[in-house]
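Please read the structure below before turning to the comments.
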């Protein structure tokens, strides 16, 4: 049985409907997973917003130290943090009015999943949008 946070329809909806992705943990380090995924999303028409305490510009986009500092709407909050730290970013995503939360591979917090989905947001955990894109992204062969 597939876990509810890996639901294919939810993955497809987020990949299709979310245009602005705040990438928590994104810094200007090309060898890191967050950088590669952010670049992939950008190459596929998504706007990425780096969220990192250093608030540096990455891939041509201005960075912000926190989700609350972003001065425009965010559709999806993509979290590159360990499971034990990820829940706080899920809660912040709810507070800023995001549509969805995405926890990367090996990032699972079932309590955060319950809080986020109870607030009406879509949430995916333990998946990568770059890996999911070929089968579930916009215009994927179905």
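The values are calculated or read from the model by the stated rules, or taken from the named source; none is laboratory data. Quantities reported herein were computed from a predicted structural model and do not represent experimental measurements. Please note: Cβ atoms are built from the backbone with ideal geometry, for glycine as well, and neighbour counts cover all protein chains shown.
Overview of values
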| item | result |
| --- | --- |
| Count of residues meeting criterion [surrounded by fewer than 16 Cβ atoms within 10 Å (Cβ to Cβ) and over 20 Å from residue 139 (Cα atoms)] in the stretch 32-52 | 3 |
| Qualifying position, being at pLDDT 95 or above and closer than 17 Å to residue 11 by Cβ, among 100, 119 | 100 |
| All positions within the stretch 39-58 that are under 20 Å from residue 133 (Cα atoms) and in contact (Cβ under 8 Å) with a residue 12 or more places away in the chain | 39, 40, 41, 42, 44, 45, 46, 47, 48, 49 |
| Residues that are touching a strand residue (DSSP E or B) at 6+ places or on another chain (Cβ under 8 Å) and either crowded, with 17+ Cβ neighbours inside 10 Å or assigned to a loop (DSSP other than H, G, I, E, B) (or both), drawn from the stretch 53-63 | 55, 56, 57, 58, 59, 62, 63 |
| Filtered residues of the stretch 69-83 (kept if more than 11 Å from residue 20 (Cβ to Cβ) and either assigned to a loop (DSSP other than H, G, I, E, B) or without any contact (Cβ under 8 Å) to a residue 24 or more places away in the chain (or both)) | 69, 71, 80, 81, 82 |
| Test: residue in the stretch 121-132 that is under 14 Å from residue 23 (Cβ atoms) and out of contact with any helix residue (DSSP H, G or I) (no Cβ under 7 Å at 6 or more places or on another chain) | no |
| Of residues in the stretch 3-52 being in a loop (DSSP other than H, G, I, E, B) and in contact with a helix residue (DSSP H, G or I) (Cβ under 8 Å, 6 or more places away or on another chain), the one farthest from residue 85 (Cα to Cα) | 44 |
| Residue list for the stretch 112-142, filter: out of contact with any strand residue (DSSP E or B) (no Cβ under 7 Å at 6 or more places or on another chain) and assigned to a loop (DSSP other than H, G, I, E, B) | 119, 120, 127, 128, 137, 138, 139, 140, 141, 142 |
| Members of the stretch 97-111 found to be surrounded by 14 or more Cβ atoms within 10 Å (Cβ to Cβ) and part of a loop (DSSP other than H, G, I, E, B), listed by number | 98, 99, 104, 107, 108, 109 |
